[in-house]
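Each value in this text was obtained by applying a stated rule to the coordinates, not by laboratory testing. The structure displayed is predicted, hence computed values, not measured ones. Here Cβ is always computed from backbone atoms with ideal geometry, including for glycine, and neighbour counts include all displayed protein chains.
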Amino acid sequence: MAKCNNCHGEGAVDCAKCKGEGIFKAGKEKKDIPCPNCKGTGEVKCSVCNGTGFRK
Ligand SMILES: [Zn+2]
Ligand SMILES: [Zn+2]
């Protein structure tokens, strides 16, 4: 098994929706809310290795 080169072996990548900040600007008022895509963590599971950090 080799390290996943999409997430560099971490199993997670920066959320594209909030650019890894975990905060999403909602609506006209640009209210800060926890990003619904990553649940405020700023990271999402790597889709290439399915969160394992390794690829076959
Ligand atoms: Zn996010
Ligand atoms: Zn990966």
Summed over the other residues with a beta carbon less than 15 angstrom from that of residue 24, with K and R at +1 and D and E at -1, the charge totals +2
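Run the numbers for residue 2 and residue 56: contour at 0.36 nm per residue of separation, minus the present Cα-Cα distance, in nm. Present the calculation step by step, with values, prior to reporting the outcome.
Values: separation 54, 0.36 × 54 = 19.44 nm, distance 0.65 nm.
Between residue 2 and residue 56, full extension yields an extra 18.8 nm.
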Excluding near-sequence neighbours (fewer than 8 apart on one chain), the chain holds lysine pairs with C-alpha atoms under 24 Å apart numbering 20
Scoring only Lys, Arg, Asp and Glu (+1, +1, -1, -1) among other residues with Cβ under 12 Å from the Cβ of residue 4 yields +3
Three principal axis extents, largest first, for the C-alpha atoms of the chain, in Å?
-> 47, 13, 12
